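Have a look at this one before I ask anything.
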Amino acid sequence: MAELLSPPSLQAATIDLPDGRSLAGLVARPSEFLATLVVLHETSQDLDQGAGLLGAMSDNELRMLAIDRPGHGLSGDARDDADAEAMLRAALDTISDTRQRPLVIVAIGNASPLAWGLTSHPAVIGLALISPYIGGPLPRLSPDLSLIAFVPQNDLRSVEDWGKLRRMAGCRWLGVTMAVDPIAMLDPNGFALSQIAAHLAGFTREITMHHAVAMPIAEAE
């Protein structure tokens with residue numbers, strides 16, 4: 001049990017893209033894993049914003065990866081927003097081996113709209129929003145997707161945006177309201193981060209098991 005609860009070992013990673021560019025990452029990668037959580041930081045930050053979450057996750061059967069978004073940290077630059085999304089989609093192609101070990105995207109703050117769009121990638125089965133942010137009109141999500149949001153009760157914008165997002169989601173969702181502000185949500189010394197990590201691990205395990213059961217079994221020829 002002590003081994004299960006120990007913090008994961010974090011390592012630097014480079015995700016090479018087909019066009020020769022690359023994205024930088026920080027990964028906690030067990031030898032065997034059920035699913036990969038891909039953490040996207042806000043536009044004014046880099047992957048360090050999600051490093052505390054990776055450190056708080058103690059589930060040894062989940063691989064965790066924080067990425068420097070295009071044009072941030074050590075990642076290659078994007079020509080525009082559409083190119084940045086294309087780079088991240090290419091990265092998801094590289095990260096996902098098959099849908100047997102799917103992806104859950106974790107978006108912090110204003111990374112929410114970007115992550116929302118990336119859920120159309122075939123390997124993505126779940127979306128987690130930490131301090132939800134809407135930004136503008138967004139498409140409905142696939143009904144097969146699962147959505148969870150961690151909402152700082154002390155931030156009115158996040159509370160209001162989560163209300164709008166869940167109404168437009170079109171899939172099953174769960175909201176977890178926490179009596180903190182957005183900064184405290186990711187404070188490695190606070191109570192909120194450990195609770196987010198625990199909820200996120202349970203959410204990922206549940207939807208991964210549901211996904212495995214729902215996968216069609218090929219008929220024998």
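FYI, it's all coordinate maths here, none of it is from the lab. All values derive from a computational prediction rather than experimental measurement. Counting neighbours? That spans all protein chains shown, and the Cβs are built from the backbone with ideal geometry, glycine included.
Just to be sure I understand the rule: take each whole DSSP H helix in the chain, project its Cα atoms onto its long axis, keep it if the span is 30 Å or more and its mean Kyte-Doolittle hydropathy is at least 0.0. Which ones pass?
Span-like helices, by this rule, are 191-214.
With each pseudo-label sitting 7 Å past Cα toward Cβ, what's the residue 60-residue 176 distance in nm, one decimal?
Distance between the two pseudo-spin positions: 2.2 nm.
Given a Förster radius of 35 Å and the C-beta distance between residue 29 and residue 82 as r, what FRET efficiency does 1/(1 + (r/R0)^6) yield to the nearest 0.05?
Given R0 = 35 Å and the Cβ-Cβ separation, E is 0.70.
Moving to a separate point now. Can you compute the label reach from residue 74? Point 7 Å from Cα along the Cβ direction, backbone N cut-off under 13 Å, restricted to segment 23-62.
Inside the label zone: 23-27, 47-48.
OK, next. Convex hull over the alpha-carbon atoms of the chain: what's its volume per residue in Å³?
Dividing the Cα hull volume of the chain by its residue count gives 135 Å³.
Here is a further query. Once the principal axes of the Cα atoms of segment 22-68 are found, what is the range along each, listed largest first in whole angstroms?
For segment 22-68, the Cα extents along the three principal axes come out at 33, 24, 12 Å.
If you build a Gaussian network model of the chain, linking Cα atoms that sit under 10 Å apart, which residue out of 61, 206, 85 swings the most?
Comparing 61, 206, 85 in a Gaussian network model of the chain, the most mobile one is 206.
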